[in-house]
Structure formats: structure tokens, C-alpha cells
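The structure appears below as C-alpha cells.
The values are calculated or read from the model by the stated rules, or taken from the named source; none is laboratory data. Here the structure is a predicted model, which is why all the values come from computation and not from measurement. Using ideal geometry, Cβ is built from the backbone for each residue, glycine included, and neighbour counts are taken over all protein chains shown.
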Amino acid sequence: MERYQLKDEVWWVGAIDWDVRDFHGYETLRGTTYNAYLVLDEKVALVDGCREGFGQEMLSRVRGCCGARRVDYLVINHVEPDHSGAIPWLIEQLGPEKVFCTKRAKDALLLIFGEDCIGHWDITIVATGDELRLGRNTLQFIEAPMLHWPDSMFTYVREAKVLLPNDGFGQHLATSKRFADEVDMSVAMEEASRYYANILMPFGAQVQKMLAKIGELGLEIEAIGPSHGVAWRRPEDVAAVVGAYARWSSGEAPERVSLIYDTMWHSTEKMTMAIADGVAQEGVACSVLRVSRCALADIARMVLESRAFLVGSPTLNNGVYPAVGGFLTHIKGLRPQGRIAGAYGSYGWGGGAVKQVDAELRALGLDMVDPFELKYVPSATDLEACAELGREVARRVKA
């Protein structure tokens, strides 16, 4: 198979999953990759594995890089099955002398695969600052708990100045090209944003700590090889994605309002369009997303990329419209911070939805606007009140 050199002695030896469309509830409409990297030196080190069923593809690429040479070391940055599923089979095929991972990763591997499996592996526990000399190159390990599992760590190839951060800086993007500079950069950054929003948004504080740790350790990063999607190898691309992570994790967002809603008999829809018009009147960008017509992953991305978001729901059976309820469950787990938020909607003979949406959003600790509710079909006066709500939110966004 074709070999892909990330930098110096660091090679991509992963697998491409063109077909996957769901990743634990996160829609992956562009597929994904399971990236692993081979460092060819006096000793050969393989960093990360792949999902079960893709081991043969990965093994073919490993053999294409190192031929009959033995893979001396296997580094496991993260034990989630999309990275570890094929590891027992790969160890059987490659026979590495040693396996390196964090203490939490070893404990998790035992629970995932059992003592009968991992009991035969020579596992070395590593922590932040530990190093592994391969010859010309040195691997440096950096624990990264909750980015995005407790066991996670980054591996840094010091002499090549390559960071291999597993799920950090990744994207769900299947392509025949391996590097961000070979694809449409807007697509790469859009997918990086979607990935962060749906996987790493709850861990903004940990991302901030990791960025600070990288600075404290004085790591020079000239290329980043994530575990999914394309790698970043141009200085401007590395700067772009690291800068984006700094903004996202700090809660920064563009001046945009996202209106996230669903509708039953179009009343909440009419309210939404009037609110959008009010936002536009203040010169602020507005995105309108009907929950039942959009992927939840896309909606979460717009929450990440908006300084304010409002959630609109009609009342059904004294409660939240089911599609909106699904979104609230999704966003509750992602825990957005530093956002203006609010609830609005319509009802017939009895309300309930707006109050419940408002309570869910307040529980997230967001900067709330007062809830806004209308009965039956909004009048011209009601729609003007909706437009004023949009103007009010837009003014707060600009402030």
C-alpha cells in the first residue's frame, strides 16, 4: 500500500473508514480514519492501533514501511475501541517487545480484553515526562486525562518536532489525502470544529491545561498527527488548529446567534423567523436550525461557533417537543460555557415546553435571557415582540 511520510522518520500507517456514518451518536457524514504512526529508527515504534476489522489494512501499511523489520515498541495513547479494538490481533502479528501506556490505560485494557489477553504483554507504565529513546528520535509522553478519556496521553517525537495527540486536533474525515494542505482547508477546519464540539467541548478546562503544559514543556511543534482525519504539517495549518483549540476551549465565539427549534403547526417556526429578522436588523449573523432536519453534530458545532443560542419548542402533552428534547439531552452532555441562551415557543390549550427548556438551559449555568412564550398563532404584534427579542439578544452579543 502507499506510504505516507508525515515528517522525517514518522510515517502514517492507519486505515480509512469510508462507510461509517455514526460515531456513538455523532453523525459522521464524511466518514473517518483510524490513524496510527510508525517511527522508523534503530528501534521501530508504532504509536496507536485501530478499530477492529481494520487491522489487516493497518498491518499492510506497517509492513510496507518497515518490511521484515520487527516493530519493537507499541505505544497506546488511548484505549477507546476505535483505537484499541485491533490491538490484540496486531500484537499477535507484530510481536512487539514492549507496550507503553498510562496506568489508567493498563487498568482499562484489563477490563476491556481480560487478563488472559493482556497478561502476555510486557507493559511499561509511563507518565508525563517519561521518555523512550529509539536512536535518533526520542518519544516523550504527556498524560492528557479527560482528553477525552481518563487514560488518554499524547506522544511527542522530540527530534522530528511531531505531536501525536490521539483524539486531540482530529476530525472525522475520510479522504485519499493524508494532510490538511492536500484538501480544502475550510472542510478540514469545519470538521475539526464539529469534532471538538461533539467530543471535546465538555473538557475545555482540560484543553486549556494541556495547551499550557505544552508551553511549559517547551515543545516545538512542526506537525500534528491526530488519530482521526488529516494531519497538520504546514506551520500555518498547525497554528490555525492550535489557535482554534485555544479559542474554543476558552469559550470564545464569533458574533453569531443560532436559533435551534422545531415546530408542530408552524407557530414556533413563525416566531423563529421573526427572531432571526430581529437579529439581522442589528447586523449580527444568525443561523436557523430545525432540529428534525439537521444532524445533532451540526447543531452542536453551531453552538460552539455562536456567542448566543436560543431554543424554541412547541408544547406537546405539556412537555417539550420530542426532537427538541433530544437536542437538550445532547447539549446537556456537552456542557457549553460562556454563552447567552434562552427559551421560546408556542402552545395551544396548555403550556409547559418553554418553562422546561428554560430550566434545562439554566442548569447549564448559561447567561440567560427571559423565556418567551405565545399562545396559538402569533399575531403581527406578537411577531414584532419576537423581532425585538432577536434585537435584544443581538445587542447582548455585540456587547
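Computed quantities for the displayed model
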| quantity | calculated |
| --- | --- |
| When residues of region 353-399 are limited to those that are part of a loop (DSSP other than H, G, I, E, B) and more than 30 Å from the chain's Cα centre (by Cα), the one farthest from Gly283 (Cα to Cα) | Tyr376 |
| Only listed residue being assigned to a loop (DSSP other than H, G, I, E, B), within 23 Å of Leu132 (Cα to Cα) and either at pLDDT 95 or above or of a type outside the set (Gly, Ala, Ser) (or both), chosen from Glu42, Glu92, Glu52 | Glu42 |
| Test: Glu220 is of a type in the set (Asp, Glu) and either crowded, with 16+ Cβ neighbours inside 10 Å or in a helix (DSSP H, G or I) (or both) | no |
| Matching option when the condition is among the polar types (S, T, N, Q), closer than 26 Å to Leu200 by Cβ and outside the structural domain of Gly25 (by TED's automatic domain parsing), among Ser287, Ser267 | Ser287 |
| Residue pairs meeting the criteria (Cβ under 6 Å; at least 6 apart or on separate chains; first in the same structural domain as Arg178 (by TED's automatic domain parsing) and under 17 Å from Glu52 (Cβ atoms), in region 7-27; second of a type in the set (Ser, Thr, Tyr) and not in a strand (DSSP E or B)) | Val20/Thr28 |
| Total residues in region 104-135, condition surrounded by 14 or more Cβ atoms within 10 Å (Cβ to Cβ), charged (D, E, K, R) and within 20 Å of Leu217 (Cα to Cα) | 1 |
| Met210 being crowded, with 18+ Cβ neighbours inside 10 Å, in contact with an Asp or Glu (Cβ under 9 Å, 6 or more places away or on another chain) and either in contact (Cβ under 8 Å) with a residue 12 or more places away in the chain or among the β-branched types (Val, Ile, Thr) (or both) | no |
| Those strands (runs of 3 or more DSSP E) lying entirely in region 247-329 with at least 3 residues buried (at least 24 other Cβ atoms within 10 Å of the Cβ) | 256-261, 308-312 |
